[in-house]
Amino acid sequence: MSFPLTNIVNFTPGSALAGGLLIGAGAVVLLAGIGRIAGISGILHGLLTDEPGRGWRLSFLLGLLGGAFLYVLIWPGDIVARTGFPTSLLIVAGLLVGVGTRLGSGCTSGHGVCGIGRLSGRSIVATVIFLLTGIAAAVFLRHGLGVTP
């Protein structure tokens, strides 16, 4: 099995490092400021239920969306939308991710960014499982079912 290196030209360590630093800084500010973990699935779940703290949850999520919107306004065309995926497959994938975050008691932002940063063994195991499952799904879809955009 060979893996094409055609996307190697898209390797951008500078912007990846800057993005990682911003994500880490946001997680630190939230934890230091109000003592909460920046796990997006938990924040969204709390916003959609009767959990206390709806204001900070809404502000955090609007900040995520607003930051992405500003990025696209400032650098239009920098992010290219990927097309060609079957809508039904995207819906099923989204639902499976939602179920997985409930089963795993969190998502990659909560476990992968915040949990590993706190040296949580449970989060390290969860993140390894997330990654292995993602790799297995990608290999199965691409090589098993032939789904390519």
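A few remarks follow.
- Full extension of the segment from PHE69 to ILE91, taken as 0.36 nm per residue of separation minus the current Cα-Cα distance, would add 5.6 nm.
- The charge dipole of region 13-144, taken about its Cα centre with unit charges on the Cβ atoms of Lys, Arg (+1), Asp and Glu (-1) only, comes to about 180 debye.
- Distance between the 7 Å Cα→Cβ label points at LEU17 and SER105: 3.6 nm.
- Lys/Arg +1, Asp/Glu -1 at C-beta; the chain dipole; positive extreme among PHE11, ILE23, LEU119: LEU119
- With a simple spin-label model that places each label point 7 Å from the Cα along the Cα-to-Cβ direction, the separation between HIS143 and ILE34 comes to 4.5 nm.
- Counting every C-alpha pair in the chain, the share spaced more than 28 angstrom apart comes to 31%.
- Distant alpha-carbon pairs in region 96-149 (separation over 19 angstrom), percent: 35
- Most mobile of VAL72, VAL97, VAL29 in a GNM of the chain (Cα contacts under 10 Å): VAL72
- Modelled spin-label separation between LEU131 and LEU61, with each label point placed 7 Å from Cα along the Cα-to-Cβ direction: 2.9 nm.
No value in this document is a laboratory result; all are computed from the given coordinates. As the structure is a computational prediction, the values presented were derived from the model and not from experiment. Counting neighbours? That spans all protein chains shown, and the Cβs are built from the backbone with ideal geometry, glycine included.
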